[in-house]
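The values are calculated or read from the model by the stated rules, or taken from the named source; none is laboratory data. Just so you know, these numbers come straight off a predicted model, no measurement behind them. These accessible areas exclude ligands, DNA and RNA; they are computed on the full protein's heavy atoms, side chains included. Shrake-Rupley method; radii C 1.70, N 1.55, O 1.52, S 1.80 Å.
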Amino acid sequence: MNVQQLNDVRQKILVVDDDYIQRELLTDYLERVGFEVRTVPDGRAGLHALGECRFDLILTDYRMPAMTGLEMAACIRRSDAVTPIILITGDLYSLDPEDVAQAGITKVLPKPFQMNELLNKCLFTTVQNNG
């Protein structure tokens, strides 16, 4: 199923990751399936981007310099309780589920992941949020 089949308007995703290659891979894939994607290299830039544009979904890495994905999510939740946030992490078992919930994370996607798994989470999360 194509994202365009779900909505007449392209869903906007913010990708926040300090790894340039990961950002580019995610962007390439998500744009090919119909999402509009903006990328930023860290949590502070992510917060800035959110001040400029509304997004339908935020994908963020957990471990980044200066501000983790959890810290960024907690900042976002102070003013936006609705936009879904998917945390991507290679440290799933070191995360405290209570910290994840308090930060307002919608879903966690453990690394490594298959791109179809990412797409399913994105589609399910945006449809659930818009439906």
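For the chain, the longest principal axis of the Cα atoms and the long axis of helix 43-52 meet at an angle of about 50 degrees. Provide Rg over Rh for the range 26-101; use the alpha carbon set for both Rg and the Kirkwood Rh (inverse mean inverse pair distance). My calculation puts Rg/Rh at 0.95. Quick one: pull the percent of accessible area on the chain belonging to carbon and sulfur, 1.4 Å probe, ligands and nucleic acids left out. Of the solvent-accessible surface of the chain, carbon and sulfur hold 49 percent.
Against the chain, whose longest principal axis comes from its Cα atoms, helix 115-130 is set at around 90 degrees. All Cα-Cα separations within the range 61-131 were binned at 10 Å from zero, giving a P(r) of 20, 51, 28, 1, each value a whole percent of the pairs. Taken per residue, the accessible surface of the range 4-131 reaches 53 Å², heavy atoms only and a 1.4 Å probe. Taking the C-alpha atoms only, the angle from helix 20-32 to the longest principal axis of the chain is near 30 degrees.
Residue ranking by accessible heavy-atom surface, 1.4 Å probe, largest first, among Ser79, Ser94 comes out as Ser79, Ser94.
Secondary-structure-derived ellipticity at 222 nm for the chain, considering helices only, amounts to -13000 deg cm²/dmol, per-run term -39500 (n - 2.57) for DSSP H runs with n ≥ 4.
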